[in-house]
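Quick note: the coordinates plus some simple rules give every number you see, no bench work behind them. Every value quoted in this text rests on a predicted model; they were computed, and no experiment measured them. Cβ: placed from backbone, ideal geometry, glycine included. Neighbour counts: every protein chain shown.
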Amino acid sequence: MARLYGMDQEGLTVIDPPGAEPEPESGPAPVGALFAEHRLKLFRLAVLLVGDENTAEDVVQDAFLGLHRRWGTLDGEEKALAYARASVVNACRSVIRRRVVARRFGVHHEPPMWSAESEVLVGEDRRRVMEAVQRLPRRRREVLVMRYYLDLSDAEIAAALGVSQVTVRTTAARGLKALARLLGNDE
């Protein structure tokens, strides 16, 4: 009999129908622990890449669903986390591509406006930085978010994006210069 899984406050749990025989725990518990530990960082990454929270939640949830499906083929937690990160980045790219295509046909995606509470808490400077980051080209935005927001190493960023570490460093340098230009800090 197929097992059903669901999410609660503690992470991924088994929801077996009444009368079902329990199966040994192999995949879901480690995925649930990984979800509990890294979901917020991956969610923040997705929000910064796609620009809205609802889409970011969907992206992260789909990434962990894919991780659960592939759990047996991954070697250890580090590989699983790298897989989840790459899944989030790739799904964000797909969302952005779909938005570009939709825009060509006259459908424009408007991300939700910042709430008044967030505006007060975040402040004008941070909002300007977020807008400037959104205006950067895709790869530069991804590298800068992963480096400075998620504190990933060049090797981890390179693995997530499928590029070399030299490309990561070059892209980060160019991204910072472009960001400074957009913010009017040509120093």
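For the range 51-57, putting each phi into the Karplus relation 6.51 cos²θ - 1.76 cosθ + 1.60 with θ = phi - 60° gives couplings of x, 8, 6, 4, 5, 4, 4 Hz, in residue order, rounded to whole numbers and with x for Gly and Pro. In terms of the mean number of neighbouring beta-carbon atoms within 10 Å, the peptides 40-49, 90-99 order highest first as 40-49, 90-99.
Projected label points at Val129 and Arg169, each 7 Å from Cα along the beta carbon direction, are separated by 2.4 nanometres. Per-residue Karplus couplings for the range 78-89, computed as 6.51 cos²θ - 1.76 cosθ + 1.60 with θ equal to phi - 60°, are listed in order as 4, 5, 5, 5, 4, 4, 5, 4, 4, 5, 5, 4 Hz, Gly and Pro entered as x.
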